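Everything on this sheet refers to the single structure shown next.
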Amino acid sequence: MGKDLIDLATFRPPQAASGHRPDEEEEEEVIIGWQEKLFSQFEVDLYQNESACQSPLDHQYRQEILKLENSGGRKNRRIFTYTDSDRYTDLEEYCQKITTSASEVPSFLAERMANVRRRRQDRRGVEGSKLKSRIITWEPSEDFIRNNHAINTPLQTMYIMADLGPYGKLGYKVHEHVLCILKVDSNGVITVKPDFTGIKGPYRIETEGEKQEHTSAWKYTIDNVSSLAQPEEEEREQRVFKDLYGRHKEYLSSLVGTDFEMIAPGALRLFVNGEVVSAQGYEYDNLYVHFFVELPATNWSSPSFQQLSGVTQACATKSLGMDKVAYFSFPFTFEAFFLHEDESAESLPEWPVLYCKVLSLDFWQRYRVEGYGAVVLPATPGSHTLTVSTWRPMELGLVAELRRFFIGGSLELEDPSYVRIPGTFKGERLSRFGFRTETTGTVTFRLHCLQQSRAFMESNSLRKQMRSVLDRLEGFSQQSSTHNVLEAFRRARRRMQEARESLPQDLVSPTGTLT
């Protein structure tokens, strides 16, 4: 970018307390070219002292400042620039915090990168000219390269600055503010931050007064006054963009391939992108979830490389109302295939079940089972949010609770599928008589389900055949929902029975109602 591509910065200072502004300070307008150096009052005062010049660039700036002083002084007062050779870095831009925590500590890489282009912050050039870190390592080891690598595209940077100090007291670093940052990378991409004002209103900066009792508002605009591009240049730019988009389209096509991946005829492919969102309502802290998907024994299969289980990270809880919630945001993905062979009306296809086991971990690395739960995967494609209620086995008596509190450990299920109907069960009735449980918290899952089948695009007969399968799946989903409701009623009835048994006998009538 040459001198013909320039930027215009118009700067208006605030009114004084009396409502009057000095004539020479009412408005400052400067036309700035790319990498054009405009000295600040601080630099004028610094480089007039020959002992402060440490590098050839410092001596060059000193000669230019002396020429300006002999020719009547600099034209700019508050607006000045830092060019790419000035080694200035806006610390607020490169040291931004990742979180909102006030106690966040910058990473090692962030500190090293912040020191790369830092300008002297005081008038003593000897101390400021020494970098705080060694930038070049002539013989780097493999560990050094692995631990200190950083993607860094070569950039040319320019800062348009403003000295917002009180009138007559310019030249203090504390009053310097960044108005605009311009960057040009090796690919020719120009970045302007903030953007040109255009039809938007002027930008606003508020500063505190000397006694920190009053604030001043400064307004400025940034306009692009470069010469307009010629029609030939615009046409050449459009051709470049068209060629770039065409190459990107070809690249994406090469990743996807020419043939769309199809499955076997008569099969249904289920693809699930899931997330363990959160868990809440549990007794102890530092929760983690062990989950797995159980495929029915018949008509279902999955690829050999597919993992159907996972364990989240241990997560500390935070208070949300009356509950303590642990947010995991743990993603998982799996796929399975359903091949329907029996088309009789009496057959009802089974659907995969998602089991979960919630555990807690204490300071001594002792874990406790907090709850078991299960839910049938949605039979319809789309996005679904499922909340799984959990329970845990419990022992009666104070000794069991003391053991759970002090030394950890608790009753566990040998077969996690006992939450519903165990896969090994072959009878007609499953009895859980005498099995005592305690209701605990809930686990929230977010599932994005996709289904793929050739029947969706085949002939009408095959489409009707597949439609019958999906109808039965929908009926199976409704049947599962009814089963969950009935199971909830059974649990509520069992808890009421246990409550009646725990009350003194003189408060209970022979019919079982409270007197």
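We did not get these values from a lab; they are worked out from the coordinates using the rules stated. Since the structure is predicted, the reported quantities are computational estimates derived from the model, not experimental observations. Here the Cβ positions follow ideal geometry from the backbone for every residue, glycine too, while neighbour counts run over all protein chains shown.
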* Pop out the ³J(HN,Hα) list for region 355-364 in order, Karplus 6.51 cos²θ - 1.76 cosθ + 1.60 with θ = phi - 60°, rounded to Hz; leave Gly and Pro as x. => 9, 9, 9, 9, 10, 10, 10, 9, 5, 8
* W391-F363 pseudo-label distance in nm [points 7 Å out on the Cα-to-Cβ vector] -> 3.4 nm
* If each of H59 and D243 carries a label point 7 Å out from its Cα toward its Cβ, how far apart are those two points in nm? -> 4.6 nm
* Spin-label pair E233/E428, simplified geometry with 7 Å Cα→Cβ offset, distance in nm -> 8.9 nm
* Structure fact -> Highest mean packing first, using Cβ neighbours within 10 angstrom, the peptides 364-370, 351-357 sort as 351-357, 364-370
* Asked: Length gain on complete extension for the stretch A314 to S329, per 0.36 nm per residue less the alpha carbon to alpha carbon distance?
  -> 4.2 nm
* Under-5 Å amide H pairs with Y172, H placed in peptide plane, nonlocal only -> none
* To do: For M161, list long-range residues whose amide hydrogen, built 1.01 Å from N in the peptide plane, is under 5 Å from its own amide hydrogen.
  => F80, T81, Y82, L179
* Structure fact -> Highest mean packing first, using Cβ neighbours within 10 angstrom, the peptides 269-280, 56-67 sort as 269-280, 56-67
* For region 248-254, take each phi angle, set θ = phi - 60°, evaluate the Karplus expression 6.51 cos²θ - 1.76 cosθ + 1.60, and give the result in whole Hz per residue in order, putting x for glycine and proline. => 5, 5, 5, 5, 5, 5, 5
